[in-house]
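Since the structure comes first, as structure tokens, the remarks are kept for the end.
The values are calculated or read from the model by the stated rules, or taken from the named source; none is laboratory data. Nothing here was measured: the structure is a model prediction, and the numbers come from that model. Here the Cβ is made from the backbone with ideal geometry for all residues, glycine too, and neighbour counts use every protein chain on show. The accessibility values were calculated without ligands, DNA or RNA, using every heavy atom of the protein model including side chains. Shrake-Rupley method; radii C 1.70, N 1.55, O 1.52, S 1.80 Å.
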Amino acid sequence: MIVVATAIAACQWWPSSPPSWTGDEVAVLKSLWLASLPELSPDPSNAVADEPAAAEFGRKLFFDMRLSANGGISCATCHQAERGFTDGLQKAQAIGTTKRHTPSIVGTAYSPWQFWDGRRDSQWSQALAPLEDPNEHGTNRAQVVALVAGDNDYRASYESLFGKLPDLNDADTFALNTAFANVGKAIAAFERTIMPTTSRFDEYVAAVVDRDADRQSELFSDDEALGLRLFIGAANCTQCHNGPLFTNFEFHNTAVISFPGDVPDKARVSGVIEVLADEFNCFSPYSDDPLRHCSELEFARTGAGLIGAFKTPSLRNLAAPFMHQGQLTTLADVLEHYNNAPDAMIGHNEAKPLGLSKRELRQIEAFLTTLEAPVAESPAATQIESKQAD
Amino acid sequence: MIVPRIARHCLYFCILAAFLPQHAIAHGGVVDEGDLCVIKVNYLRAHFKIYQPGVSGHKQYCEDLPVAAESVFVMEYQHDSLSEMAIDFRIIRDVTGKGRFARIEDVAQIGDLQSATVYYQPAVIEPDVYTINYAFKEEGDFIGIVSAAHPETGKVYEAVFPFEVGFTGLGYWPFFIGLLVVIQLQYLLMSGRLKRWFGRRSPSAMGLVLGLLLFPLASYADDLVVTYTTPDGDPQINRMHSWILHIETDAGVEVEGAKVEVDGGMPKHNHGLPTKPRVTEELGGGDYKLDGVRFHMSGYWEIVVRVTTDSGTSIVTIPLQL
């Protein structure tokens, strides 16, 4: 009896050996590998999406604080390169406080939907919304186009990419909106270049594929490897955090508690209505796709099943706080939330309680830190930022 | 001996009934229906719950709240027309003196509703779910008043629900319930009914119950066979693709000119498809092109195909393991 009890205690106390991966598990690991990320498909709604000159123009706009009502806010105020293109705050702070946490930009060129609730369907239409939001940049389309027209460098960049700027004194709504949309398209061309890079996890998968056990144990501690096994197995994480970007870019209600002072956020159920009506959506006259191939909008799901459903964020380059309003401070809080899977305040929680032990949760947390990696973003960006600040 | 015992039970019950608060009658607006709390605004119903997220996280309350704190009231409509109605929400201090027996008529008699009001959300149309957030500053008796205006007739429906903030506990409820259970168990044990009740459940009776439960499923298994092919290759997670559905009868006759609707989801996860796929073209020979299919996670999916022809509607479920 004593021997058995000691053996059981020992099994629970000492770390079990790192996993040797089954064929099925290797397949899942490869599906999460950055090397499996397919080449980015063209964006037919944005004719300059892959133009380096547009990306360069967009980069300048992204860091330009003149694109705001008070001259003190740029896209980079909240999307900070050194913080994985988010800001470390619960809710974004610009001219005012926004409704939600700043989402990262990394890899979002792959997403059919932008914002936490997917209320825009392209990077370029997304880029336009904060410019006119009174709590963010607080400016408007006429002011944005006037800024481009009044800056010789910007005007030259704009006109070489999109043709002549409209005369602001004599521009009709369509001409003004087209010029405004083009500014968004340049910003999107820059944002399209912001991608994750190889993390320790990706090197580990390479070692698994090569069956190099020594390299595997060099790269991952036992806890990290066991955490990875739980991540792709018992913890059900890959149901939503799947693919090389660790997200399916879809909308799920996971019963995150409401923010103090706020009512619960309805999220996608409202976001989908907004994107279908957005004046700059894929169906709009401002899309460059003559064929208007808009299958995402055409087959978009609507209705009460989407109450409280937010877009799955990528897990590459995790930065606290977490969730759509930064409600959870640490990764341990997040894992505990999923382990408990409480009933949702509105709608239904899709997750089920996991029943994992504290130690297992710590192992998953250890694994998640292996996804940290620098973001592919040119150092020139920070130089421009300081220039604009001067 | 049995007759006097039953008489004694009736007596116990009558005493208990006299003591217990008469929720369903007094609360007109909010009713605790076992595991579901429901607000009835006239004939319109909504799932009703209150949270105090800062104090008790995800714990939900039906009416009374334990402390004066930030409280989130949620109404999830069970009746679609509430999505189109302008709804307003008022919380007043209970100035009727009726406590939890206050009714709509009592509220109607309040002269100055405004000065009794602690929170008011003016009428607004909120699709799907209605929420308000009010931080109670003091404990006491309150009354919630919800009004919904019919968009066409203009008729206003109201629900009134008295509740207590700083609710001190369950009162005598657990004591009475415990007493009731003990009395009932004692009666069943003494009378031998418990044993007889178990003894009576024969396997054939269980089979009948099971058969009745499964019966509705049998109606799906009718005379149509739906198969599919995927011209874009095997379905891959997170990729929009098309299917070709082939529909024929059991006898192998291709079904043409049918109205084909498709939905589906993951039954284990209680969610539908991420997209709303649609049959965009009938290709002939019983083939239908289904566009806009996407799966966003691996696991067990069900695609439900609803085929309507002149001879009626059939529903065929296609299982799919990804």
Could you look through the range A:303-325, keep only residues that are within 11 Å of another protein chain (Cβ to nearest Cβ) and at pLDDT below 95, and pick out the one that is least open to solvent (accessible area, probe 1.4 Å)? A:GLY303
Which one of B:GLN78, B:GLN60 is surrounded by fewer than 16 Cβ atoms within 10 Å (Cβ to Cβ) and assigned by TED's automatic domain parsing to the domain that holds B:ILE132? B:GLN78
Does B:ASP128 satisfy the condition of being of a type in the set (D, E, K, R), more than 20 Å from B:ALA86 (Cα to Cα), touching a residue at least 40 places away in the same chain (Cβ under 8 Å) and surrounded by 19 or more Cβ atoms within 10 Å (Cβ to Cβ)? no
Single residue of A:ALA171, A:ALA156 found to be farther than 19 Å from A:GLU51 by Cα and either open to solvent by less than 30 Å² (accessible area, probe 1.4 Å) or out of contact with any helix residue (DSSP H, G or I) (no Cβ under 7 Å at 6 or more places or on another chain) (or both): A:ALA171
What single numbered condition from (1) in contact (Cβ under 8 Å) with a residue 12 or more places away in the chain; (2) surrounded by fewer than 15 Cβ atoms within 10 Å (Cβ to Cβ); (3) polar (S, T, N, Q) fails to hold for A:THR193? (2)
Does A:GLY88 qualify as being at pLDDT 95 or above, within 22 Å of A:PHE367 (Cα to Cα), among the small types (Gly, Ala, Ser) and in a loop (DSSP other than H, G, I, E, B)? yes
Reported set for the range A:103-114 where residues are part of a helix (DSSP H, G or I) and not small (Gly, Ala, Ser) is A:THR108, A:TYR110
If you check A:ALA188 against the conditions, is it surrounded by 21 or more Cβ atoms within 10 Å (Cβ to Cβ) and away from chain B (no Cβ under 14 Å)? yes
Residue check for A:GLY227: among the small types (Gly, Ala, Ser) and surrounded by fewer than 19 Cβ atoms within 10 Å (Cβ to Cβ): no
Being of a type outside the set (D, E, K, R) and more than 10 Å from every other protein chain (Cβ to nearest Cβ) narrows A:SER295, A:SER287, A:SER270, A:SER258 down to just A:SER287
Is it fair to say B:GLY111 is modelled with pLDDT under 90, away from chain A (no Cβ under 14 Å) and open to solvent by less than 70 Å² (accessible area, probe 1.4 Å)? no
Counting only residues that are within 14 Å of another protein chain (Cβ to nearest Cβ) and either small (Gly, Ala, Ser) or surrounded by fewer than 19 Cβ atoms within 10 Å (Cβ to Cβ) (or both), the range A:326-346 contains a total of 8
So for the range A:364-371 (the condition being under 30 Å from A:ASP43 (Cβ atoms), in contact with a Ser or Thr (Cβ under 8 Å, 6 or more places away or on another chain) and within 14 Å of another protein chain (Cβ to nearest Cβ)), does at least one residue qualify? no
Which one is surrounded by the fewest Cβ atoms within 10 Å (Cβ to Cβ), of the residues in the range A:120-144 that are in a loop (DSSP other than H, G, I, E, B) and more than 15 Å from the chain's Cα centre (by Cα)? A:PRO134
Within 29 Å of B:ASP80 (Cα to Cα), in contact (Cβ under 8 Å) with a residue 60 or more places away in the chain and touching a Leu at 6+ places or on another chain (Cβ under 6 Å): does that describe A:ARG316? no
Among the residues of the range A:347-363 satisfying the criterion of being polar (S, T, N, Q) and either within 14 Å of another protein chain (Cβ to nearest Cβ) or part of a loop (DSSP other than H, G, I, E, B) (or both), which is farthest from A:GLU224 (Cα to Cα)? A:ASN349
Only one of (1) out of contact with any His (no Cβ under 8 Å at 6 or more places or on another chain); (2) open to solvent by 30 Å² or more (accessible area, probe 1.4 Å); (3) farther than 16 Å from A:TRP113 by Cα; (4) within 11 Å of another protein chain (Cβ to nearest Cβ) does not apply to A:GLN239, and that is (1)
Matching strands (runs of 3 or more DSSP E) fully within the range B:256-322 where at least 3 residues are among the charged types (D, E, K, R), in the same structural domain as B:ASP232 (by TED's automatic domain parsing) and over 30 Å from the mean Cα position of the chain (by Cα): B:287-293
Only one of A:ASP64, A:ASP117, A:ASP50 that is within 17 Å of A:PHE322 (Cα to Cα) and assigned to a loop (DSSP other than H, G, I, E, B): A:ASP117
Can you give me the number of residues within the range B:266-304 that are within 14 Å of chain A (Cβ to nearest Cβ), open to solvent by less than 10 Å² (accessible area, probe 1.4 Å) and at positive phi? 1
